[in-house]
Amino acid sequence: MGRSKKKGPYVDLKLLAKVMKQKETGSRDAIKTWARACMIVPEFIGHNFAVHTGHKFTAIFVSEGMVSHKLGEFALTRNYHSHNK
């Protein structure tokens, strides 16, 4: 079930503040975050994120095609190990 249009997209304000600060300083370091439910907004384009998967952090570079998706969609939490033949 989607989020109400009245409420708007869920964007973690602390994460947005970190992105704006990084734009001012020009830093290219990855921003660590646990906010997997945070929606990717156009301000995030061109930034590196380290999204927590429950075990480790997965590096993600945000591009234009990722806008309006959630950060957790690009950080997989399960690893598939194929069966032996």
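Could you go through region 59-81 and let me know if any residue there is in contact with a Cys (Cβ under 6 Å, 6 or more places away or on another chain) and surrounded by 12 or more Cβ atoms within 10 Å (Cβ to Cβ). Among the residues of region 59-81, at least one is in contact with a Cys (Cβ under 6 Å, 6 or more places away or on another chain) and surrounded by 12 or more Cβ atoms within 10 Å (Cβ to Cβ), which makes the answer yes. The residues of region 23-45 that are open to solvent by 20 Å² or more (accessible area, probe 1.4 Å) and farther than 24 Å from residue 5 by Cα, listed by number, are 23, 24, 25, 26, 27, 28, 29, 30, 32, 34.
Residue pairs whose Cβ atoms lie under 8 Å apart, separated by 6 or more positions or on different chains, with the first residue in region 8-20 and open to solvent by 30 Å² or more (accessible area, probe 1.4 Å) and the second charged (D, E, K, R), are 9/3; 10/3; 16/43; 20/43.
The values are calculated or read from the model by the stated rules, or taken from the named source; none is laboratory data. Just so you know, these numbers come straight off a predicted model, no measurement behind them. In this analysis, Cβ positions are derived from the backbone assuming ideal geometry, glycine residues included, and neighbour counts consider all displayed protein chains. The protein model used for the area step is the full one, side chains on, heavy atoms only, and it has no ligands, DNA or RNA in it. Shrake-Rupley method; radii C 1.70, N 1.55, O 1.52, S 1.80 Å.
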